[in-house]
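This report concerns only the one structure given below.
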Amino acid sequence: MKKILSVIGIALYTFLIYLILAGSLNGQEIITGAFVSAVIALLVQSFFQLEARYLNPVRIFWLIVYLPVFIWAMMKANFEMALIILNPKLKLSPIIVKGKTTLSSPLGKILLANSITLTPGTLTVDVDGDKFAIHCVRNVYKNGEEIMQVFEKFIKRITE
(Lines give C-alpha, C1' and ligand atoms only; values in the text may rest on other atoms or scores of the structure.)
Protein backbone atom coordinates (compact mmCIF):
# COMPACT_ATOMS: atom_id res chain seq x y z
CA MET A 1 0.00 0.00 0.00
CA LYS A 2 2.85 2.37 0.88
CA LYS A 3 4.45 1.71 -2.51
CA ILE A 4 1.21 2.48 -4.36
CA LEU A 5 0.79 5.76 -2.47
CA SER A 6 4.39 6.63 -3.29
CA VAL A 7 3.85 5.99 -7.02
CA ILE A 8 0.64 8.05 -6.97
CA GLY A 9 2.40 10.89 -5.13
CA ILE A 10 5.34 10.93 -7.54
CA ALA A 11 2.93 10.88 -10.49
CA LEU A 12 0.92 13.79 -9.06
CA TYR A 13 3.99 15.93 -8.42
CA THR A 14 5.39 15.13 -11.86
CA PHE A 15 2.04 15.88 -13.48
CA LEU A 16 1.79 19.22 -11.67
CA ILE A 17 5.28 20.24 -12.78
CA TYR A 18 4.51 19.08 -16.33
CA LEU A 19 1.39 21.24 -16.49
CA ILE A 20 3.24 24.27 -15.12
CA LEU A 21 6.02 23.89 -17.67
CA ALA A 22 3.60 23.16 -20.53
CA GLY A 23 1.60 26.28 -19.70
CA SER A 24 -1.56 24.82 -21.18
CA LEU A 25 -4.61 22.96 -19.95
CA ASN A 26 -5.89 21.63 -23.26
CA GLY A 27 -6.93 17.98 -23.52
CA GLN A 28 -3.82 16.78 -25.33
CA GLU A 29 -1.52 18.31 -22.74
CA ILE A 30 -3.46 16.75 -19.88
CA ILE A 31 -3.47 13.29 -21.50
CA THR A 32 0.21 13.51 -22.44
CA GLY A 33 1.14 14.84 -19.01
CA ALA A 34 -0.79 12.11 -17.22
CA PHE A 35 0.84 9.40 -19.34
CA VAL A 36 4.38 10.80 -19.00
CA SER A 37 3.91 11.31 -15.25
CA ALA A 38 2.69 7.74 -14.75
CA VAL A 39 5.63 6.30 -16.70
CA ILE A 40 8.15 8.43 -14.78
CA ALA A 41 6.56 7.50 -11.45
CA LEU A 42 6.78 3.80 -12.26
CA LEU A 43 10.40 4.11 -13.39
CA VAL A 44 11.69 6.06 -10.38
CA GLN A 45 9.58 4.58 -7.59
CA SER A 46 12.24 2.00 -6.72
CA PHE A 47 14.84 4.78 -6.29
CA PHE A 48 12.70 7.41 -4.63
CA GLN A 49 9.99 6.81 -2.06
CA LEU A 50 7.63 9.76 -1.66
CA GLU A 51 6.08 9.93 1.78
CA ALA A 52 2.37 10.68 2.14
CA ARG A 53 3.13 13.91 4.01
CA TYR A 54 4.43 15.43 0.78
CA LEU A 55 0.93 15.20 -0.72
CA ASN A 56 -0.27 17.88 1.68
CA PRO A 57 -1.83 20.74 -0.37
CA VAL A 58 0.08 23.32 1.70
CA ARG A 59 3.40 21.74 0.69
CA ILE A 60 2.29 21.66 -2.95
CA PHE A 61 1.37 25.34 -2.67
CA TRP A 62 4.87 26.18 -1.39
CA LEU A 63 6.40 24.12 -4.20
CA ILE A 64 4.44 26.22 -6.71
CA VAL A 65 5.60 29.40 -4.94
CA TYR A 66 9.21 28.14 -4.92
CA LEU A 67 9.44 27.52 -8.66
CA PRO A 68 9.31 31.22 -9.69
CA VAL A 69 11.77 32.11 -6.91
CA PHE A 70 14.17 29.46 -8.20
CA ILE A 71 13.69 30.51 -11.83
CA TRP A 72 14.31 34.18 -10.90
CA ALA A 73 17.53 33.26 -9.05
CA MET A 74 18.63 31.20 -12.04
CA MET A 75 17.90 34.06 -14.47
CA LYS A 76 19.83 36.58 -12.35
CA ALA A 77 22.80 34.22 -12.13
CA ASN A 78 22.70 33.68 -15.91
CA PHE A 79 22.92 37.43 -16.50
CA GLU A 80 25.80 37.71 -14.03
CA MET A 81 27.64 34.90 -15.81
CA ALA A 82 27.00 36.57 -19.18
CA LEU A 83 28.52 39.80 -17.83
CA ILE A 84 31.57 37.89 -16.67
CA ILE A 85 31.98 36.28 -20.08
CA LEU A 86 31.37 39.47 -22.05
CA ASN A 87 33.49 41.73 -19.83
CA PRO A 88 37.06 40.42 -19.65
CA LYS A 89 37.95 43.14 -17.10
CA LEU A 90 35.81 41.44 -14.46
CA LYS A 91 38.25 39.24 -12.62
CA LEU A 92 37.37 35.72 -11.69
CA SER A 93 38.19 34.86 -8.12
CA PRO A 94 36.86 31.36 -7.52
CA ILE A 95 36.30 30.40 -3.92
CA ILE A 96 34.73 27.60 -1.93
CA VAL A 97 32.46 28.88 0.83
CA LYS A 98 31.07 26.72 3.60
CA GLY A 99 27.72 27.02 5.25
CA LYS A 100 25.41 25.21 7.60
CA THR A 101 21.81 24.46 6.64
CA THR A 102 18.84 24.39 8.96
CA LEU A 103 17.15 21.71 6.86
CA SER A 104 16.93 18.30 8.48
CA SER A 105 15.20 16.14 5.86
CA PRO A 106 17.32 14.35 3.24
CA LEU A 107 14.89 15.45 0.50
CA GLY A 108 15.26 19.08 1.59
CA LYS A 109 19.06 18.84 1.49
CA ILE A 110 18.95 17.26 -1.97
CA LEU A 111 16.61 19.95 -3.24
CA LEU A 112 18.84 22.68 -1.75
CA ALA A 113 22.04 21.19 -3.18
CA ASN A 114 20.47 20.83 -6.63
CA SER A 115 19.02 24.34 -6.53
CA ILE A 116 22.46 25.76 -5.77
CA THR A 117 24.11 23.65 -8.46
CA LEU A 118 21.53 24.57 -11.10
CA THR A 119 22.14 28.27 -10.45
CA PRO A 120 25.01 29.32 -12.78
CA GLY A 121 28.17 30.40 -11.03
CA THR A 122 27.67 28.15 -8.00
CA LEU A 123 28.19 24.45 -7.50
CA THR A 124 27.57 22.30 -4.44
CA VAL A 125 30.77 20.28 -4.10
CA ASP A 126 30.17 18.57 -0.77
CA VAL A 127 27.37 17.90 1.69
CA ASP A 128 28.35 16.46 5.05
CA GLY A 129 25.37 16.26 7.38
CA ASP A 130 24.17 19.83 7.62
CA LYS A 131 27.38 21.40 6.25
CA PHE A 132 27.57 22.45 2.61
CA ALA A 133 30.67 23.37 0.60
CA ILE A 134 29.81 25.57 -2.38
CA HIS A 135 32.16 26.58 -5.19
CA CYS A 136 31.55 30.12 -6.47
CA VAL A 137 33.01 31.62 -9.64
CA ARG A 138 33.37 35.04 -8.01
CA ASN A 139 34.25 35.89 -4.45
CA VAL A 140 31.09 37.88 -3.68
CA TYR A 141 29.68 35.75 -0.85
CA LYS A 142 30.83 35.91 2.75
CA ASN A 143 29.56 32.43 3.61
CA GLY A 144 27.42 29.58 2.32
CA GLU A 145 24.38 30.67 4.30
CA GLU A 146 24.16 33.78 2.14
CA ILE A 147 23.68 31.56 -0.93
CA MET A 148 21.41 29.04 0.78
CA GLN A 149 19.00 31.48 2.45
CA VAL A 150 17.31 32.37 -0.86
CA PHE A 151 16.16 28.77 -1.31
CA GLU A 152 16.15 27.41 2.23
CA LYS A 153 13.08 29.19 3.61
CA PHE A 154 10.89 27.80 0.81
CA ILE A 155 12.41 24.31 0.82
CA LYS A 156 11.79 24.08 4.58
CA ARG A 157 8.08 24.67 3.98
CA ILE A 158 8.00 22.08 1.20
CA THR A 159 9.92 19.27 2.86
CA GLU A 160 9.70 19.66 6.64
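Residue check: Y18 meets all listed conditions (1) more than 22 Å from R157 (Cα to Cα); (2) not in a loop (DSSP other than H, G, I, E, B) but one, namely (1). Checked against (1) over 17 Å from the mean Cα position of the chain (by Cα); (2) closer than 30 Å to L5 by Cα; (3) surrounded by 15 or more Cβ atoms within 10 Å (Cβ to Cβ); (4) not aromatic (F, W, Y), G129 meets all criteria but (3). Note on the stretch 132-160: among residues that are among the β-branched types (V, I, T) and under 13 Å from the mean Cα position of the chain (by Cα), the one that is modelled with the highest pLDDT is I155. Among the conditions (1) more than 23 Å from I116 (Cβ to Cβ); (2) aliphatic (A, V, I, L, M); (3) in a helix (DSSP H, G or I), L25 misses just one, which is (3). In summary, no strands (runs of 3 or more DSSP E) completely within the stretch 63-160 bear 2 or more residues that are out of contact with any strand residue (DSSP E or B) (no Cβ under 6 Å at 6 or more places or on another chain) and among the polar types (S, T, N, Q). Residue-level check: of (1) free of Cβ contacts under 8 Å to residues at least 12 places away in the same chain; (2) within 16 Å of the chain's Cα centre (by Cα); (3) not assigned by TED's automatic domain parsing to the domain that holds F151, Y13 misses just (1). Selection of the stretch 75-99 for residues being among the polar types (S, T, N, Q) and without any contact (Cβ under 8 Å) to a residue 24 or more places away in the chain yields only N87. The conditions of being at pLDDT 90 or above, over 30 Å from L12 (Cα atoms) and not assigned by TED's automatic domain parsing to the domain that holds L5 are not met by K91. For T101, the criteria (1) within 19 Å of K153 (Cβ to Cβ); (2) in the same structural domain as L5 (by TED's automatic domain parsing) hold in every case but one, which is (2).
The values are calculated or read from the model by the stated rules, or taken from the named source; none is laboratory data. On a predicted model such as this, the values are computed, not experimentally measured, just so you know. Counting neighbours? That spans all protein chains shown, and the Cβs are built from the backbone with ideal geometry, glycine included.
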